[in-house]
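Here the structure is laid out as structure tokens; the discussion comes afterwards.
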Amino acid sequence: MTAHQDTIAAIATPAGSGGVGIVRISGPAATTMATQISGLRTLKPRFAHHATFSNAKGQVIDSGLLLFFQGPASFTGEDVIELQGHGGQVVMNMLLQAVIQLGARLARPGEFSERAFLNDKIDLVQAEAIADVIASGSEQAVLASQRSLQGAFSRHIDELLEKLIETRVWVESAIDFPEEEIDFLSDVGLQRQLAALNQMLLDTLRKTQTGVVLSQGISIAIIGRPNAGKSSLLNRLTEADSAIISEVAGTTRDVVKEDVVIAGIPVRLIDTAGIHETDNPIEQQGIERALLAKAQADVVLQVWDGSEYQGQPLPVAANQINIINKSDLVGELTVADALVVSAKHNTGIDAIRQAIVDRVTAGDLNENSFTARQRHIEQLHTTQQHLAAAERQLHDNQGELSAEELRLGQQALSEITGAFSSDDLLGEIFSRFCIGK
């Protein structure tokens, strides 16, 4: 266990008024401070003590419950105290100041979770999952964050690490015992093991990309010519009158942004001005913003006016979903690489939602999904690069170089859970947490 000499404290509940507010204390002097503030002589672990909280002058600040979590069987691994009082901002600040006057230091953002990590109570993925649970924008995101918090993602990474280490041991052994008659480096079994490891890595990357979508959400730009029905489509997807609808072309001259949840995925929908040639400087500015939104969006809904569609092939892009609107005006119509809908009559809208989910999750959004971060994807890509280099070196019978690539791959993979992490990385991660966590 990592020893911390200082004791930290923070308000663990949101700012504002509420029925209950909590001041959290963690560190070697936590119990001493708790007895001084409450007047209690002894504290029973995991027991709710009713107490009166007073400052150093003996003035009563509040009354409530005091909970004691004895280290190492606590969230941080240290002695932890929770002072639960009435949830007013002033009374919480007074209670916190009373603790600080006794020698506690105000906790940095995420410092409680950081101590839990440093004391081996949680790994880095689980620490990040705590922040994801708090910031979740949908029920699906909450459930996925909880799976990460309970260790589902970490176990997945640990399994990958175990397989990678097995492969590395194989290669290292072949290097250390070159006098053996069998050429272990050219063994078919080793090649199969590398191929299986690479496939596991690809599967993990796919699931991790889905996890990033759940934790961070996506942006969707609705693009098309004037009067194609973009605003009507926005209103159907938000199930509200988010944008003004008019038969007059060019009603939307600026971007309109709405946040919704589609199949558990937090989505920011961006309705844009119609893209067309114009000399109007205001319309030109709207078109420039539309093109910028298209370039920055995770998914583009390209809307075509069905009444103007002449059967021409539609452009295909990795992040673009083609939508032919106004099917009520053209009747039965089937178009390759496009969804035919009627925003006016609310037909085909569910197909658009499903197409969005399939596009950003590769059909991998299910009850076993977990949340992830962009840094996890970057580390997995780095591991993949080292693994590919190791395979090339083995093919050239360069055992030492292959072993080094496998070592670097193991190091990159270990950074995900924090088994190997730089201090700079830890500082960046925990600085984004809220104070009190």
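FYI, it's all coordinate maths here, none of it is from the lab. In this text, all values refer to a predicted model and were calculated from it rather than measured experimentally. Using ideal geometry, Cβ is built from the backbone for each residue, glycine included, and neighbour counts are taken over all protein chains shown.
Only one of the listed residues (Gly27, Gly58) is in contact with an Asp or Glu (Cβ under 7 Å, 6 or more places away or on another chain), more than 18 Å from Gln89 (Cα to Cα) and not hydroxyl-bearing (Ser, Thr, Tyr). That residue is Gly27. For region 134-178, residues that are touching an Asp or Glu at 6+ places or on another chain (Cβ under 8 Å) and of a type in the set (Ser, Thr, Tyr) total 3.
Would you be able to say whether some residue in region 347-357 is within 25 Å of Gln312 (Cβ to Cβ), within 33 Å of the chain's Cα centre (by Cα) and part of a loop (DSSP other than H, G, I, E, B)? Yes, region 347-357 contains a residue that is within 25 Å of Gln312 (Cβ to Cβ), within 33 Å of the chain's Cα centre (by Cα) and part of a loop (DSSP other than H, G, I, E, B). Cβ separations smaller than 8 Å between residues 6+ apart or across chains give the following pairs from region 345-362 residues that are closer than 27 Å to Arg206 by Cα and without any contact (Cβ under 8 Å) to a residue 24 or more places away in the chain to residues that are surrounded by 14 or more Cβ atoms within 10 Å (Cβ to Cβ) and not charged (D, E, K, R): Ala351/Leu339; Ala351/Val341.
Looking at the structure I just gave you, is Ile321 exposed (fewer than 13 other Cβ atoms within 10 Å of the Cβ) and either assigned to a strand (DSSP E or B) or of a type in the set (Val, Ile, Thr) (or both)? The answer is no for Ile321.
When the residues of region 136-176 are filtered to those that are within 17 Å of the chain's Cα centre (by Cα) and surrounded by fewer than 16 Cβ atoms within 10 Å (Cβ to Cβ), the one that is nearest to Phe75 (Cα to Cα) is Gln150.
For region 28-39, how many residues are part of a loop (DSSP other than H, G, I, E, B) and touching a strand residue (DSSP E or B) at 6+ places or on another chain (Cβ under 6 Å)? I'd like the intermediate steps shown before the answer.
Applying the first criterion (part of a loop (DSSP other than H, G, I, E, B)) to region 28-39 yields 28-29, 39.
Imposing the further condition that a residue be touching a strand residue (DSSP E or B) at 6+ places or on another chain (Cβ under 6 Å) reduces the set to none.
The qualifying residues number 0.
Each residue in region 336-354 was checked for being under 21 Å from Pro226 (Cβ atoms) and among the β-branched types (Val, Ile, Thr), and 3 of them qualify. Contact map, region 141-167: first residue in contact (Cβ under 8 Å) with a residue 60 or more places away in the chain, second residue of a type in the set (Lys, Arg) and buried (at least 21 other Cβ atoms within 10 Å of the Cβ), Cβ cut-off under 6 Å, separation 6 or more or different chains; the map is empty. Checked against (1) within 32 Å of the chain's Cα centre (by Cα); (2) surrounded by 13 or more Cβ atoms within 10 Å (Cβ to Cβ); (3) assigned to a strand (DSSP E or B); (4) of a type outside the set (Lys, Arg), Gly19 passes all but condition (2).
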